[in-house]
Every structure is written in structure tokens, then in C-alpha cells.
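The values are calculated or read from the model by the stated rules, or taken from the named source; none is laboratory data. It should be emphasised that the depicted structure is a prediction, and the values quoted were computed from it without experimental measurement. Backbone-built Cβ (ideal geometry, glycine too); neighbour counts: all protein chains shown. Note: accessible area is taken over every heavy atom of the protein model, side chains too, but ligands, DNA and RNA are not part of it. Shrake-Rupley method; radii C 1.70, N 1.55, O 1.52, S 1.80 Å.
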Amino acid sequence: MFRSRTTPSALYFEEAFQLFKKHGKQMWTMEEKCPQTWCRRRYASIMSDPENKGKNQRGVNFDTLGSWNNRLALPILYEQSIKMGKIIPRVPLDEIGLATTIGRRKSNEDRYVKEEIRPELLYFGVFDGHGGDFSADYVSTHFIDHIGFWMTQSDDLKEVLRNAFLDMNNLLARHLFYYHLDKDTFKSGTTATVCLLRNSTELVVSHVGDSLAVLCREGKPVRLSEEHTPENIEELARIRKRGGQVIYNSYGTPHINGRLAMTRSIGDIDLKSFGVISSPQIRTLTVKHSRDAFLVLCSDGLTFAISDEEIVSLVSSCDTPQEAAMRLSDQAQHFGSEDNITVMIIPLGAWGKYRTSASNLNYNFGRSLTHSRSRNG
């Protein structure tokens, strides 16, 4: 059954994987199948989780056998797991948590998208419209078309997203000029936080505006995006260089030409000549499923009221992504958010690994009492 010591690690893993498939979720050990010391060490290095920092674990967790115990029953990508030499879970669309609420606004201008573009490629997006919901609705509907086109031109996901953002802005601008020039929707726009996940390991995050992406890695928040506002020195310099003015409203929030609180967006074509660009900031990283528990995409209605640390703590206390999304939305409203709130939670391999008790969460209740702000978007 077992090969010589010179066999590549991928082949060792494939044999071990066949054993796992045969025995299901029984807690077998490599010692039972391979009594030789060198073989046990080889398998242990492949199947174990040396940096396991998870708490409240019972029995053998996902990192050693590919099972979550009381976590989500995510399926496994067999070919990618053999190629990588470690177990790689697949993220099913039906396990993604989603919540969107109107808040205290007259209408919900947020939109979200989750799609499987190809069997190995997932697309997630959160769009927060302003000046009405037209731009957010239009962009969320057509963005996938531009991704699909550029995927035929390049395998580089960064290049795909960069071109898709620019094309999407140009398409929206032409549509507004042709059909909405004399309407209020002509000045509408939207933020966009778009993620592509390939083979459950290659994650590319691109964004304009103040909708955010936060990754939970080893139980701590990792911000994968930043807010494009005039409070950012580099963004402010570009606006001033192009002749734009920054005017503060009665809440002390800076707005471009007194109208828009962000320095990048799709749409807002009347402000493009003043330095409001649609070119996205892009970040790539490799998902480490033994350490990464989930990815959160959200509109600023959530992050206005709840910090990144609080987001990670609350989600980590929930049993399912859907429960977590609903609780985040509800908590933000309790903390004084009056904006539309949209939350998308994408579970990863370490879901439930850094579970915390809800009774131990510390929230900043003073946030809603010490300041408030008004945003156009």
C-alpha cells in the first residue's frame, strides 16, 4: 500500500486521502496503518496542524482528519487537496451568510452578489449605492459580465478585476449620459467591494469606496480593504490636485465639493474630473484554511457602529454564517447605525476553530454616544 521513502509528498497524501475516504470520519490514526516510524512522521507532517491555536476543541479537528466535528460540513476539493498536499475545503454558496436591512433610510440602496463563475472560481460583491439605488443595482447586475469577458483574456485575477472596474464605470457612465442626463439618477454612484476566490486558496480583493472586507485569521481581524475618504492623505492630495474642494458638513465629515464622502466610486460622473476615480485598490493573498475562519464583506452601515475586533468576536461566537450575519446586522442597529446594512460572511476552513463565548464579548457602547456622522452613501 505504502510507497518508498522517495515518493513525492503529493503521492503520500493521495494514499492517506484514499484511506480517509474509505474509513469516513472514523478517528483512525496513521500509526494503525503504517507502523514504520519514518512513515508515521511523514504522514504526521502532512496531516497535522502544528500552529493549531484553536480553543474549545473536542476530539480530532479538521486540520488532522478533514472533519469539523461540530463545525460546518464543507465538502473537499480533491484535486486541489492532492496538488497542495493538504486538505482544501470547497466553499458552497448555500453556506454563505447574508443579511441586508433598510435601517432607518427610506430605501435600501445596498446590493450584494454571490456567484459561481466557474467550478473553481467564486465571485462575491457588496455594493453600497448613493444618490438612489440605480447605480448599485446596475453595477451589481452587470459586473459579472465584465469579469467573465476579462477571464477569457487573462488568468491574472488582479488584471481581470482592474479592467472589470474600469469597464463597468465606463458602461454606467454611457448609460447615464444616454438615458438619465436630465434625471436625479445622473449623479448617482456606488461603492464596490469585489472578491474572487479561485480553488479555495487564491483570494483577490478589489474595492472602491467605503464598503469593507475583513478576514479572520487566527482569531484576529485582518483588514483587506481601506476606506477611500478625504481623511486619507494620498486620496486628499489627488482630489486637491484635480481642483476638487473638500467641504465639511455639520457633523464634521469631509465631502468632495460638498456632495460625496468618498474619493473613489463607480458612477458619480460629475465628480470624475475632480479626482473621484473608479480605479480599484487590489490585494491578493493565499487563504490558509487551518488559520482562516471566515471573510466578512459589508457596507459602512455596519462598520460605522461595530469595530473589526467586535465583528470577529461576534461572528466567532455563532454556530452558522447565517446566524452571524443576522446578529451583526441587528447589533449595528442597536448601536445606533441608521444607514442601510449589508453583511456577507464567507466561511473558510477554520470556521468555529476560534469560537468565543457571546457573554465574553466587549462592545464599545460609547461609540454611538460620542459622535455621529452623515454620509452620502
Within the range 149-249, strands (runs of 3 or more DSSP E) holding 2 or more residues that are open to solvent by 20 Å² or more (accessible area, probe 1.4 Å): 220-223, 246-248
The listed residue being touching a residue at least 60 places away in the same chain (Cβ under 8 Å) and under 30 Å from Gly352 (Cα atoms), out of Ser290, Ser279: Ser290
Some residue of the range 252-266 being open to solvent by 10 Å² or more (accessible area, probe 1.4 Å), more than 19 Å from Asn169 (Cα to Cα) and outside any loop (DSSP other than H, G, I, E, B): yes
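Scan the range 84-99 for residues that are open to solvent by 60 Å² or more (accessible area, probe 1.4 Å) and either in contact with an Asp or Glu (Cβ under 6 Å, 6 or more places away or on another chain) or assigned to a loop (DSSP other than H, G, I, E, B) (or both) and jot them down.
Answer for the range 84-99, where residues must be open to solvent by 60 Å² or more (accessible area, probe 1.4 Å) and either in contact with an Asp or Glu (Cβ under 6 Å, 6 or more places away or on another chain) or assigned to a loop (DSSP other than H, G, I, E, B) (or both): Lys86, Arg90.
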Residue within the range 269-290 that is open to solvent by less than 10 Å² (accessible area, probe 1.4 Å), of a type outside the set (A, V, I, L, M), outside any loop (DSSP other than H, G, I, E, B) and modelled with pLDDT of 95 or more present: no
Every residue from the range 291-347 that is open to solvent by 20 Å² or more (accessible area, probe 1.4 Å), touching a strand residue (DSSP E or B) at 6+ places or on another chain (Cβ under 8 Å) and of a type in the set (S, T, N, Q): Thr303, Thr320, Gln322, Gln333
So Asp145, is it open to solvent by 70 Å² or more (accessible area, probe 1.4 Å), without any contact (Cβ under 8 Å) to a residue 60 or more places away in the chain, not small (Gly, Ala, Ser) and not in a helix (DSSP H, G or I): no
